[in-house]
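Notes for the one structure printed next.
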Amino acid sequence: MTILITGASGNIGRQVVQQLADRGAAVRALVRDPSKVAFPTGVEIAQGDLLDVDAMRRALAGVSTLFLLNGVVPDEFTQALVALNLAREAGIERVVYLSVIHSDIYVNVPHFAGKFAVERMLEQTGFGATILRPAYFMQNDLTIKDVVLGHGVYPMPIGGKGLAMIDTRDIAEIAAIELMRHEASAPLALERINLVGPDILAGHDIAGIWSDVLGRPVAYGGDDTAGFEKNLQNFMPGWMAYDMRLMSERFLSDGMIPQADDVQRLVALLGRPLRSYRDFASGLAAAA
């Protein structure tokens, strides 16, 4: 019984591999360039990517459960559908898919809408699947820590509705728990799990946390989504910067609000409290 991890060289994928290895699972990691990664002893490496059909057929051979994680790229939707069709061809019935919270609500945001379409395929083709729907990753804010620490501004336009931000370490641990659960049973009924943090935080809340942690004022930069897009264009393609702008506009209009029992469900699953944004900010400040 082998679990295949796609996106295994990325931040979450690497952590899922480690979590599974720690649990004694048989793990195969799909990577483009094996020379650039180091995994725990015993992890099998499969070279290829989600659009390399022959490589995917080899990677899926003998696999019992698939962890499907694919990044925000122009052909993200095609990648996912190719991978799932090849998984069906290989007789794989168990899937854990990393989607996104409110994929059915943020319908104008390309990478949200694409993930929701993948969810529909999982539903309609009879996979025994767990669909993990994480909220905003706390670790996204690693990209703006220098602005916070150096200029006293929290620049992400997340608005006033609030986001239930989650630590990627919690995402990876929950994914591993679900993968092990699928491995231990017959194919399970499809279900969705919202992955959220313990607090719903608006822009001014985040700035307040940073002010407390640093012992000096940190201001919220405001809700300028057009300026956000322009800044992003300095280090990512224009289509992606626009996608991020559309997402931030939905932050302003809708927020990322969990359902009533989401936090309790995750705490019970993990057997411990969820990591908080204050913990995340304190760790960054201490390491600075």
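Count neighbours as other Cβ atoms within 10 Å of each site's Cβ, and list the chymotrypsin sites (Phe, Trp or Tyr not before Pro) in the stretch 197-239 that are DSSP loop with at most 13 such neighbours. Before the final figure, lay out the partial values.
Values: sites: 210, 220, 228, 235, 239; in loops: 235.
Qualifying residues, ordered by number: 235.
What distance in nm separates the simple spin-label points at residue 117 and residue 181, each placed 7 Å from Cα in the Cβ direction?
With each label point 7 Å from Cα toward Cβ, the separation is 2.9 nm.
Can you tell me the relative contact order of the stretch 61-199? Whole percent, Cα pairs under 8 Å, sequence separation 6 or more.
Working: 193 pairs, mean separation 39.2, N = 139.
With pairs under 8 Å counted, the relative contact order is 28 percent.
Run the numbers for residue 169 and residue 253: contour at 0.36 nm per residue of separation, minus the present Cα-Cα distance, in nm. All intermediate terms of the calculation are to be shown ahead of the outcome.
Numbers: separation 84, 0.36 × 84 = 30.24 nm, distance 2.79 nm.
Gain on stretching residue 169 to residue 253: 27.4 nm.
When the Cα centres of the stretch 179-241 and the stretch 35-93 are compared, how far apart do they sit, in Å?
The stretch 179-241 and the stretch 35-93 have Cα centres separated by 26 Å.
At 7 Å along Cα-to-Cβ for each site, give me the label-to-label distance between residue 107 and residue 26 in nm.
Reported label-point gap for residue 107 and residue 26 is 4.4 nm.
Before anything else, pin down the relative contact order of the stretch 11-57: Cα pairs under 8 Å, at least 6 apart, normalised by residue count, whole percent. All intermediate terms of the calculation are to be shown ahead of the outcome.
Numbers: 50 pairs, mean separation 14.9, N = 47.
Relative contact order for the stretch 11-57 comes out at 32 percent.
Hey, in the GNM for the chain with a 10 angstrom Cα cutoff, which one of 211, 35, 64 fluctuates hardest?
35
Select from 112, 67, 42 the residue farthest towards the positive end of the dipole of the chain; place +1 on Cβ of Lys and Arg, -1 on Cβ of Asp and Glu, and compute about the Cα centre.
It is 42.
Pop the C-beta distance of residue 49 and residue 260 into the FRET formula with R0 = 41 Å and round what comes out to the nearest 0.05. Before the final figure, lay out each step's value.
Numbers: r = 39 Å, r/R0 = 0.96.
After rounding to 0.05, the efficiency reads 0.55.
Excluding residue 236 itself, what net charge comes from residues whose Cβ is under 14 Å from its Cβ, given Lys and Arg +1 and Asp and Glu -1?
Details: positive: 230, 245; negative: 229, 243.
Result for the local shell: 0.
Taking the Cβ of residue 193 as the centre, find all other residues whose Cβ is under 13 Å away and add up their charges (Lys, Arg: +1; Asp, Glu: -1).
Details: positive: 133, 181, 192, 265; negative: 119, 170, 173, 178, 191, 261, 262.
Around residue 193, the charge tally is -3.
What number comes out for the charge environment of residue 32, summing +1 per Lys or Arg and -1 per Asp or Glu over other residues with Cβ under 10 Å away?
Details: positive: 36; negative: 33, 49, 52.
Its environment carries a net charge of -2.
Put +1 on the Cβ of every Lys and Arg and -1 on every Asp and Glu Cβ in the chain; which of 27, 101, 90 then has its Cα farthest towards the positive end of the dipole?
Positive-end residue among those listed: 27.
So if I place +1 on the C-beta of Lys and Arg and -1 on the C-beta of Asp and Glu, and nothing else carries charge, what would the dipole magnitude of the chain be about its Cα centre? I want it in debye, nearest 20. If you can, show how the numbers build up before the last one.
On the way: 25 positive and 33 negative charges, 83 e Å.
The calculated dipole for the chain is roughly 400 debye.
Note the listed values (1) 151; (2) 135; (3) 164, then indicate which one is volume of the Cα convex hull per residue in Å³ calculated from this particular structure.
Comparing each candidate, only (2) matches the computed number.
Give me the angle, in degrees from 0 to 90, between the Cα long axis of helix 168-183 and the longest principal axis of the Cα atoms of the chain, rounded to the nearest 10.
That helix lies at roughly 20 degrees to the long axis.
Under unit Cβ charges (Lys, Arg +1; Asp, Glu -1), what dipole magnitude, rounded to 20 debye, does the stretch 35-167 have relative to its Cα centre? Don't skip to the answer; put the middle values down first.
Values: 10 positive and 14 negative charges, 35 e Å.
That gives the stretch 35-167 a dipole magnitude of about 160 debye.
Compute the distance in nm between two label points, each set 7 Å from the Cα along the Cα-to-Cβ direction, one at residue 270 and one at residue 73.
So the two model labels end up 3.0 nm from each other.
Determine the relative contact order of the chain: mean sequence separation of Cα pairs under 8 Å and six or more apart, normalised by residue count, in whole percent. Numbers along the way, then the final one.
Working: 531 pairs, mean separation 51.2, N = 288.
Once divided by the residue count of the chain, the mean separation gives 18 percent.
Can you show me the helix-derived [θ] at 222 nm for the chain, built from DSSP H runs with n ≥ 4 at -39,500 (n - 2.57) apiece and divided by the number of residues, rounded to the nearest 500.
Details: 11 runs with 129 residues, N = 288.
Counting only the DSSP helices, I get -14000 deg cm²/dmol.
Where both residues lie in the chain, what percent of DSSP beta bridges are antiparallel, nearest 5?
Details: 1 of 30 bridges.
Beta bridges within the chain, antiparallel portion: roughly 5 percent.
Suppose every Lys and Arg Cβ carries +1 and every Asp and Glu Cβ carries -1, with no other charges. What dipole size does the stretch 128-204 come out with about its Cα centre, to the nearest 20 debye?
Values: 6 positive and 9 negative charges, 42 e Å.
I would put it at about 200 debye.
Given 0.36 nm per residue, what is the gain on full extension from residue 145 to residue 125 after removing their alpha carbon distance, in nm?
Numbers: separation 20, 0.36 × 20 = 7.20 nm, distance 4.25 nm.
Full extension from residue 145 to residue 125 adds 2.9 nm.
With everything on Cα atoms, drop me the angle between helix 110-124 and the longest principal axis of the chain, reported from 0 to 90° to the nearest 10.
So the helix axis and the longest Cα principal axis differ by about 30 degrees.
Between residue 204 and residue 286, what is the FRET efficiency for a Förster distance of 25 Å, r being their Cβ-Cβ separation, to the nearest 0.05? Spell out each step's value before the answer.
Numbers: r = 23 Å, r/R0 = 0.94.
The pair residue 204/residue 286 has a calculated efficiency of 0.60.
Readers should treat all values here as calculations from the given coordinates under stated rules, not as data from a laboratory. This one's a predicted model, so the numbers in the text were calculated from it and none came from an experiment. Quick reminder, even Gly has a Cβ in these numbers, built from the backbone with ideal geometry, and neighbours come from all protein chains shown.
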